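The values are calculated or read from the model by the stated rules, or taken from the named source; none is laboratory data. Everything numeric here is computed off the predicted structure, so don't read it as measured data. Positions of Cβ are backbone-derived with ideal geometry, glycine not excepted, and every protein chain shown enters the neighbour counts.
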Amino acid sequence: MTKSEPQLSGDVRTQKAADEILSGDGPQRRGLARLLPFLGPAFIASIAYVDPGNFATNIEGGAKFGYTLLWVVVASNLMAMLIQGQSAKLGIATGKNLAELCREHFPVGWSWGMWVIMELVAMATDLAEFVGAAVGFNLLFGMPLWIAGLVTAAVTFLILALQSRGFRPLEAVITALLGVIALCYVVETFLDRPEWDLVVRHAFVPRFAGAESVLLAAGILGATVMPHVIFLHSSLTQGRIRVTDPLQKRRLFFFEVADVTIAMGVAGFVNAAMLMMAAATFHRSGLSHVASIEEAHRTLQPLLGQAAGWVFAISLLAAGLASTTVGTLSGQVIMQGFIRHQIPVWLRRLVTVVPSLIVIFMGLDPTRTLVISQVVLSFGLPFAVIPLILFTQRRDIMGELVNWRITTVLAWLVAALILALNVYLLMQIFAGV
């Protein structure tokens, strides 16, 4: 080994390997070795789809309505694959992220208004994620919530510090945390023994069970298709692998589709397993009142054994720590893109910690806070999804990676469904539901 070899960072090695694969030069790689340099961005983005807000909405949905809303989880995950694929493609095709393109192509006032909306969405996101991680520490170690909140802040500072070492170390840590969450739910699924005939039926047959189920469906949608991470994903791909040749861009997008499919597939399994666990354990036992994360943890132990409670708490903690890190990164991208201003990551983390600690110190119900935060997120979705479609359907912006007509049609159908759900949700709220 020469002295120069250790100087190559993980980022440089990844770029070199990707260049060789995209150009066809260098050693031939097959299977996972061929795919590995391109894996990472979607795994970071996918963490937002298994954050503590998902725990709250899926547990409440499964406990109250059994497997009824499982189709919402499946549909939301398919939508997430489509939208995140579009976001990744935008970054590859333009070398810019969604917020930067909004600033360039929209009027100044509109751009600033979108920035305010997305900052509010980012704050709601961070609130859910931070509180969830604190609850995870509380359930695992019995520490008071306010101490758990301070520990959460300290740990996320350490994870964010990995940015100084390039994108690979951060991708590795986030992917490992996603792996922990998925493994925990493999165990939970084995323990709770869901009714597979009902699972299959409700995964593909859309239906609701009253107005409250629609509210929870909107929360599940808001927790699954995340507006802030749509902005983040375009940033993660805009300069990670640098290519200018149109053919190589197409090849790069092909690999990014694989990244999205794998990462979102894992996230989709976790979301479905959460709701299945609540349906098979609580709803089947007549415990439809179980609507809080703490109560779910407490009730799991006598129903499925102490191991189930530990596994649940570990998955919640991993989800909270990973997603609150991703939320902070998203906030940075949104601010820099819309208003060309960036503050140190540690300062942004410090600012976003304050509302979360206030919620904890006030003693508000963590789970209800998480559910409401997910509803707030669903209202922010059109402000991310609609600009994304407008840009990706334009050849002058996307070049050879412009959307196929069928892709644009499907994307607009997704946007229409999101808007329709939000309008219905507003009507129910104002009607006093």
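Some observations on this one:
- Scanning region 254-303 for residues that are acidic (Asp, Glu) and modelled with pLDDT of 90 or more, we see that the one that is farthest from the chain's Cα centre (by Cα) is Glu256.
- In region 200-215, the residues that are part of a helix (DSSP H, G or I), under 16 Å from Ala420 (Cβ atoms) and either touching a strand residue (DSSP E or B) at 6+ places or on another chain (Cβ under 9 Å) or modelled with pLDDT of 80 or more (or both): Ser213, Val214
- Qualifying positions in region 156-172 - buried (at least 17 other Cβ atoms within 10 Å of the Cβ) and either touching a residue at least 12 places away in the same chain (Cβ under 8 Å) or basic (Lys, Arg) (or both): Thr156, Ile159, Leu160, Phe167, Arg168, Pro169, Leu170, Glu171
- Evaluating Met123 against the criteria (1) more than 22 Å from Ile59 (Cβ to Cβ); (2) surrounded by 14 or more Cβ atoms within 10 Å (Cβ to Cβ); (3) of a type in the set (A, V, I, L, M, F, W, C); (4) modelled with pLDDT of 90 or more leaves one unmet condition, (4).
- With respect to being under 28 Å from Gln336 (Cα atoms), assigned to a loop (DSSP other than H, G, I, E, B) and hydrophobic (A, V, I, L, M, F, W, C), Val257 falls outside the description.
- Any hit, region 219-236, residues being buried (at least 18 other Cβ atoms within 10 Å of the Cβ) and not in a helix (DSSP H, G or I): yes
- Considering each residue of region 137-151 in turn, none proves to be under 14 Å from Val326 (Cα atoms), surrounded by fewer than 18 Cβ atoms within 10 Å (Cβ to Cβ) and in contact (Cβ under 8 Å) with a residue 24 or more places away in the chain.
- Lone qualifier among Ala278, Ala272 - being touching a Lys or Arg at 6+ places or on another chain (Cβ under 9 Å) and over 17 Å from Arg34 (Cα atoms): Ala278
- Unique match (being within 30 Å of Ile262 (Cα to Cα) and among the aliphatic types (A, V, I, L, M)) among Ile83, Ile117: Ile83
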